Each structure stands twice: as structure tokens, then as C-alpha cells.
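These notes concern the structure reproduced below.
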Ligand SMILES: Cc1ncc(C[n+]2csc(CCOP(=O)(O)OP(=O)(O)O)c2C)c(N)n1
Ligand code: SF4
Ligand SMILES: [Mg+2]
């Protein structure tokens, strides 16, 4: 076995916990990550879990990164192997020179280990059996014992863990005491029997005022701030926690302080069709409404999404994407609903999409989506994915300007109708493709109209005349053109040197992408980068492509869906857009991106040289 | 031009209700349904009911699915907002609309195909949630709009126009509504305006999920011998258990049948349902008895009509959710947006 005396690696390594689902490890592992944040060192943590409640393997990966790389790095430096079922593959994943931490209660033959790694054994089961009577206690405290042991091995301040225990169990002193004791038990065992590892956490000041939160919770809070009052949903991983978080935030923030009554209505519908039906009905009637779902739900919703497009009814859908197609990989991440969402519905339809990169943007876009839905009178998709939605991320604190108002778009009021203003529900009075609407019940004799999914004239009267239909469809295109300028603009990151290479990416790829760009730059490979944040694509996206000879498009799906959308909407030469695709269900890593791009660039230069 | 605007003629002689509206003000565009279609009679009853109730037309929202029946909201209440949604999904859209604004009166119109086949799930869930609405199924036992296929409410053994016998058991939406918790359940016949109009009035005034199954013969595809949804068949087998009058504080009682034993039920909004008993034993306040009675009569081939069940103290979905009195669509920034200070606190809790 390798020597332990090595150069210390401070604040830059990856710890992976291999656990059994339902063993209570999640909260202990979370505490481990948060303790490091409390020491001022950024972490990027990710759950990797199966689609069941108990018994199957789960993993939790914590990247400790003083440099602040929030994407996945790839590779594991310290494996906390708590699941005998996955022992072999967990062992294999450790980088050469890395560390295996395991429960050494039962002796293991040397053949079960690797000789290029450091092995650290702590008799966790024995320690817990000696101290605790009840099987459940033995199981639960084992998790805290290993956190204590890891703290001693990695130089994590126990006071940081204790602080979190005290906050999480505030008011339950007996639980606090018991957890302190378990923590100390692990800490002391290491102190008495083992030496600290070369992997070390050291206090820093790199976290700043950032918050640590899941994208789903952030999006739900965005919906509260965006003025959403009606939510209808049907449970589906990984979107469920968004609706649940909305419920929690509404109870806290939207309960009338005097009457205790709710300023919101949340309905767990019978399925996704009903969910979007409720949203469309509420939107038609002037309330801000949304649903949260994932790919299978969007598939069911498509008929209504088409209605929302054609009858022009505001709706917001949070699509927290998971691995498809079909049930696919329900607890893994992908960005594979892009085309499905963009063109959901039969006939010619297209829908604006917002593409948040982290929980901070989930909040911002979660609120913005409701303004855009009202302004554009159509369905707005907010495209999260499991990686952003269900993992806690360090992100800039949420911000709100109290002067901001809810932009309800073009709504003709009672007084305007009373004054005799002409009302044609589908009349393009301003030339931007966006007509005026009225809320039901607004005026006794004016402004009522019949909403339908059937073709109609600008005054909302049924008509299947070809020219009337075509005019309306053209107006819908004008409206989509208007959307270009009001969806979030792309963000450009210029290379240090002038280059003809570019890269386009979006969403949860962002952290890994930025890190990959640094790595590539270190190799002398320079790329300008553009992050897409909205669909339809702003003109800058196409200008960026035009300004470069070759543009890599990095995304997390098999079929290069963003690239397809760009080609389709922008008429871009496919040869110019080089796909870089990661779709095995794990979050994309910086190593993967930089490796792929380096390789493609190398091949490119060989071809160039040969030509 | 495929749309026909009804000429707005001035009829100085037309009677006005207390709001100053004539019956005309409650009409819609000209119907494009087949002449003699039962659905048109139901539209006429709806117009009459709203006129008599003296409701401001714009305070009603009318929603429907897809089908001949679902087209009808265009043909009544032209001053009300209407929404012709998608096939079988009117209940969810109506539910959402109702959540957005609890102050409007919601009228859902559907067909037997729309509600008993593609939309059976949504029908069921809207009933069990107690959405405050009147939900009318214009039941003709066929898909009219797609030209005469059997619908799920066709009785077992009934014959199609082409002589095909239906082998599947028919779905009885009244029985389902009762089991699912609807708090107002009636059945009527498009050919019996005197029975139907007061039922619609009472249903509109009812707080909670009100359901009327209205048999409405399709003269085009299901009005032949061998059909159990034809005018002749329903007239022969109709067993009305009661006659209803709705007494609102404004509209006086109107009696046009021989007096008999009657029961008075006061609804939530103050309206009084005066029920004239025709079947002596029938008690519309007992859900279980209603179900038993219906099943027994159905086995004998009879079609029971009337107000079959009512819970005058029913609550609705908003009550269950505890929503604020102000309609949600009228809340503004002050009530909805917690603001920067609240956000700072949330941020602090996430560090
Ligand atoms: C999703 C979908 N499937 C099928 C149709 C075709 N369709 C239109 S109306 C209808 C049946 C309507 O029957 P019913 O509700 O009984 O209405 P009726 O015409 O008899 O009044 C069908 C199948 C549709 N519009 N949408
Ligand atoms: S086809 Fe039948 S249901 Fe449709 S309009 Fe004609 S008669 Fe009425
Ligand atoms: Mg029908």
C-alpha cells in the first residue's frame, strides 16, 4: 500500500460517499459539505441516487474547490465506501494515489484493496455497537461518527460541524448532545489511532456572501416573487421538490397575517394534463399560474401547450429535465427536452424558453417567466435539470428591487372599454404581434370574447378562411420575433487572445465549461464562449457564430438539440457547429469538455495541415 | 364568411329584467347545429335561466370541451367570456379559472363523449374537489361531431343508426357524480324545458359542484327506434321524481303544475328550492338512497329525472383551500411579493 506521507493537497479535491439509500446518510453528508462552506471554502456537491426509496446504492460527491469550480471535476480522491454492494466499482473509481475510507469492523483480505491508494479503516460498526442499543441508533449515528472521523482526517473544524448540528436541531437539546457525542467519537478515534491525510481543508474566505440552495427551491421562490398565485402539479422526479418548496414558501410568505387565509391556490392534480389545464384556465382568467414537471409530463401536456400558443394564454412550465426518453433514467440528469419543449404541440408551434445556469438564475428567471408569460400571452418554459434542481449549489444571494412591479402585459381595462376603445382580441394594434386581452367579467357589455383553439379572425370570431388563418399565423411569428429581445440575453466570455474558435453552452454545463476553458487556455487553446440564456435566440447568438470559423456546441443530450435549434432557427451551416455531447446521466465534467475539445481541435489542425 | 352575426334589432316591446336586460341580451351567435338538435333547446333553457335569475351576463364564465355540445357556449350569453378548450379537459380549465377568480359564476358545458370517455378522469376529479360550478353534460349517447359513433353513455343493447348493437355497459354520469361527492345532482331532458330551466337556475346558484345530466337527442345520428337516447324513448321512459321552483329574493315563485306535497330547501346564497314531489318516496337529501333508487329504476328501463340530490350547505374547493376573499387575480404586488427585506432573511437562512 502506498505511503501516506505526501505533499498535502489543500482545498482542492473530490470526496465521494457511497451509501445505501434510506440509511440516513444524506443529512450527515450534507453537514460535511456545509461545514466546509462554513470554513470559507467553496464546495460543489451532487447527489447521485436511484429511483427508489430504500435499499439501493446512492452516492454523494463533494468537490472541495477553493478556486470555486462549481462543475463536476471527474475522478475521486477520497472514497468513503459505506456500501459493500458497490465496493468494487467504488474502489475502482479512486484516482491513483487517492484514499479509501472504510468501515474496518470486519477484517478484509488484502486482495479486496488496491495497492496504489491509501487505505484508512475506522471500525464504525464496532464503535456504534459498543455505544448504542437500538439498531436504528447504531445505523444513524454511524453516519455522524464517520463525519467526525473525516473531520479529523481532513482538518475540518469540529466547531463548524457543531454549529450546524446546533442550528439544524435547534430546540432539541438531547439530539444536539447525542450528535455532538457521536461526532467526537469518530474524531477521537482518528486522533488516537491514525494520522491526518494529505488531503486537507484549510479555512479560507472564498465563499463570501453566497448562499447554498437547490435550484428547485430557488425557482419556487422566484415564482412567489413573480406573483404566481395558482400552482397545479403532479408528482414527478426531479420536479416534485419545486412544487413542495412553493407550498412551503407560500405558507410562510403568502398567508394573510390577519385572517390566516391563503393568497395562493396549490392543487395536486390527477395528472399532468389536468395540471396544465388548470394553469391555462387560471392564466385565461388573469391569475399567474404555473406547473412544475419533467419530460414525461411535458409529453402529456402538449395538446394544451398548443392551445396556449394558439389561443394566446399565459402559462409557465418549469421543466426539470431528467434522462429520457420514456422513463429513461428518472434520477439522472440531462438537457434532453430542449426540442420537445421548444416545439411542443401539433401544428406549427414554438415556445420561449429560459435557460438558468444555477439556482441564482432559477430565482431570477422563475420570477421573470411570469412577466414574460403575461407580456407574450403564451407558454414560457423554464428549463432546469436534475443537476441544478435537486442539488444544493453555492450561488449569489437572491436579490429583489422593491420598486419592481408585476408586468401584466397588454390588458384592456374596464375604463378603456367604457371609453369606447376598440377591442379585437387578436388585433395587432402595436405591430409587435401582441394583441390586447380582457379578463373575464371586466365589463357588462364590452370586451367579452370567445376563446377557442380553432382558427378565428382578429375579433375572435370563428373563421377557417385561408387568408385569415395565415395572417394570424404570421402575427404569431411577429410575436415570437418580439420575444427575441425580451428573453434573457446571452452572456459572452472573450478569450484572452483573438481566436476564430468559439463555444456555445447553456444551463448546468456552465460551471464545468468555465473550468474547461481555463484548462484549455493553459494548453494554449483559446476559445470565445457564449452562454445561451433564452429561446428564441437573440441576434447576438447568430452574430457570435458568424464571427467565428468553428463553434463547439456543448450540451447534455445525444442528439445535439441546442445545435439543431440553432441550425433550424438561425439557418446556420451545420458544418460550422461541432457537437460536444455528454449524456450518460451524470453531470458533465470539466475534464470531459476540455478533453473532447482538445481532441477535436487537434484533429482539426491535422486536417488543416493536410489540406 | 363562416361567422354569422345575429342582427341586433331593437324590440321596444321586449320585457326587461330588474337589471334592465332583455332576454336578447343573454343570447349568443346563431347556432350552427342541426335543426332540431337537443343541444339548442338546452341553450335556450340556459338563456331563460340566467335571464330569470337576473344575473349580469358578464359575471358568468362559460367553458366547454370539444363536440357539438361544446360548441353551444358560443350560442348563448354573448356578453360572457367563453372558452372552448380541448376535448375532455374542460373540467381542469374551469377549475383553474375558478381558482383565479372565485367571484364569477362558472358554467361548464360538455358532451357525453367529452365527459364520459376522453374526459372521464377530469369529470371525476372536478366533482370530488367540489369546484364551485354548474356542469352540464348534453348527453346524446353518441359522438355527434365525429358523426355518430357510440359514446360511453350508450346503454348496453341499444342500437346504432346502422343497426350495430352496443355490447359495452353504459356509464351513468349521475351515479358517478353522486358517488364522487357532487353536492347537487340532477337529470333532465332537453325536451322538457319546464323541468330543465329551474334545474339550471338552482345549479347556477348552488355553491359547490353541481351536475346536470341532460339527455339531449341527436336528431342526426341517434334518434331512431332502438336507441335509448331518442326523443320518443326518453318521453316514454321518463320518470320525473320532482318538479322544482327556484325562489330568489328577487324573482317571485312561479307555479304551473297541480299543487301537491312540496319540500323547501334553502341554499347557501339564500335562494330557496321549492321541490314538488312527484314520486312520494323520493328524498333528494340522501345520497345513498338516491343511488339505490336510481339503480332500481334503471334496471326497469326507466330514466329518472329531476333534482336527485342536493346538499344545501355544501362547501367548495376555495373553502377547502382557505383562500383569501379577494379573487386571486386581483391581488397586487403588496399582497403577492414579499419584498427585499424578506428575501434578505431567506438568504441569511441559506448560508
Ligand atoms: C384529442 C381529440 N381527439 C379526438 C377529437 C375528435 N372529436 C371531436 S368531438 C368528439 C366527440 C364529441 O362527442 P360528445 O362530447 O358526445 O359531443 P356531441 O358532438 O355528441 O355533442 C371527438 C372524438 C378531438 N377533437 N380531440
Ligand atoms: S350531429 Fe347531432 S349533436 Fe351534432 S348538431 Fe347535429 S343533431 Fe346535434
Ligand atoms: Mg354526444
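Pairs meeting the criteria (first residue in region B:104-118 and part of a strand (DSSP E or B), second residue within 9 Å of ligand 3 (Cβ to nearest atom), beta carbons under 6 Å, at least 6 apart or on different chains) are B:110/B:137; B:111/B:67; B:111/B:69; B:111/B:138. Only one of A:601, A:567 is more than 24 Å from residue A:522 (Cβ to Cβ) and either buried (at least 18 other Cβ atoms within 10 Å of the Cβ) or touching a strand residue (DSSP E or B) at 6+ places or on another chain (Cβ under 8 Å) (or both). Can you tell me which? Checking each option against the conditions leaves just A:567. Which of the residues that make up region B:320-351 are touching a residue at least 60 places away in the same chain (Cβ under 8 Å), part of a helix (DSSP H, G or I) and more than 7 Å from every other protein chain (Cβ to nearest Cβ)? The answer is B:320, B:330. Residues in region B:94-102: is at least one surrounded by 24 or more Cβ atoms within 10 Å (Cβ to Cβ), within 16 Å of ligand 2 (Cβ to nearest atom) and either in a helix (DSSP H, G or I) or away from chain A (no Cβ under 14 Å) (or both)? No, every residue in region B:94-102 fails to be surrounded by 24 or more Cβ atoms within 10 Å (Cβ to Cβ), within 16 Å of ligand 2 (Cβ to nearest atom) and either in a helix (DSSP H, G or I) or away from chain A (no Cβ under 14 Å) (or both).
A single entry from B:254, B:243 fulfils the requirement of being modelled with pLDDT of 90 or more and touching a strand residue (DSSP E or B) at 6+ places or on another chain (Cβ under 9 Å): B:243.
Within the option set B:185, B:174, being in a strand (DSSP E or B), away from ligand 2 (no atom under 16 Å from the Cβ) and in contact with a helix residue (DSSP H, G or I) (Cβ under 9 Å, 6 or more places away or on another chain) holds for one residue only, B:185. Of the residues in region B:22-33, not one is within 11 Å of ligand 2 (Cβ to nearest atom) and not in a loop (DSSP other than H, G, I, E, B). Of the residues making up region B:111-135, those that are within 16 Å of ligand 3 (Cβ to nearest atom) and either buried (at least 24 other Cβ atoms within 10 Å of the Cβ) or at positive phi (or both) number 9. Residue count for region A:201-248 under the criterion of being free of Cβ contacts under 8 Å to residues at least 40 places away in the same chain, over 19 Å from the mean Cα position of the chain (by Cα) and part of a loop (DSSP other than H, G, I, E, B): the result is 1. When region B:216-245 is filtered for residues that are within 17 Å of the chain's Cα centre (by Cα) and either in a helix (DSSP H, G or I) or within 12 Å of ligand 2 (Cβ to nearest atom) (or both), the ones remaining, listed by number, are B:216, B:217. Looking at the structure I just gave you, is residue A:445 farther than 30 Å from residue B:342 by Cα, modelled with pLDDT under 95 and at the interface with chain B (Cβ under 10 Å from one of its Cβ atoms)? In short, yes. Restricting attention to region B:126-150, the residues being within 16 Å of ligand 2 (Cβ to nearest atom) and not in a strand (DSSP E or B) number 7.
Scanning region A:249-268 for residues that are touching a residue at least 24 places away in the same chain (Cβ under 8 Å) and surrounded by fewer than 24 Cβ atoms within 10 Å (Cβ to Cβ) gives A:249, A:250, A:253, A:254, A:263, A:266, A:268. The residues in region A:270-301 that are part of a helix (DSSP H, G or I) and either facing chain B (nearest Cβ under 7 Å) or more than 19 Å from residue B:82 (Cβ to Cβ) (or both) can be counted, and the count is 19.
Which helices (runs of 4 or more DSSP H) does region A:320-432 wholly contain that include 2 or more residues that are over 30 Å from residue A:450 (Cβ atoms)? It comes to A:338-342, A:359-376, A:386-390.
Taking region A:449-459 as the range and being crowded, with 22+ Cβ neighbours inside 10 Å and either more than 7 Å from chain B (Cβ to nearest Cβ) or more than 41 Å from the chain's Cα centre (by Cα) (or both) as the test, only A:456 passes.
Could you count how many residues in region B:121-149 are closer than 23 Å to residue B:234 by Cβ and within 16 Å of ligand 1 (Cβ to nearest atom)? So that I can check it myself, show each step before the final result.
So in region B:121-149, the residues closer than 23 Å to residue B:234 by Cβ come out as B:123, B:134-149.
From what is left, the residues that are within 16 Å of ligand 1 (Cβ to nearest atom) are B:123, B:135-149.
The number of residues fulfilling the criteria is 16.
In this structure, is residue B:160 within 16 Å of ligand 3 (Cβ to nearest atom) and at pLDDT below 95? Considered against the rule, which asks whether it is within 16 Å of ligand 3 (Cβ to nearest atom) and at pLDDT below 95, residue B:160 comes out as yes.
Determine whether residue B:84 is surrounded by fewer than 23 Cβ atoms within 10 Å (Cβ to Cβ) and more than 13 Å from the chain's Cα centre (by Cα). So residue B:84 fails the test. Residue check: residue B:180 meets all listed conditions (1) away from chain A (no Cβ under 14 Å); (2) away from ligand 3 (no atom under 16 Å from the Cβ) but one, namely (1). Going through region A:91-111 one residue at a time, which ones are within 15 Å of residue A:61 (Cβ to Cβ) and assigned to a helix (DSSP H, G or I)? Passing the criteria: only A:93.
Test residue B:41 against the stated conditions and say whether it is away from chain A (no Cβ under 11 Å), part of a loop (DSSP other than H, G, I, E, B) and either within 16 Å of ligand 1 (Cβ to nearest atom) or more than 18 Å from residue B:111 (Cα to Cα) (or both).
no
Entry remark, region A:375-422: residues being within 11 Å of another protein chain (Cβ to nearest Cβ), touching a residue at least 60 places away in the same chain (Cβ under 8 Å) and farther than 20 Å from residue A:228 by Cβ number 6 in total.
The values are calculated or read from the model by the stated rules, or taken from the named source; none is laboratory data. None of the values given here were measured: they were computed from a predicted structure. All Cβ positions, even for glycine, are placed from backbone atoms using ideal geometry, and neighbour counts span all protein chains on display.
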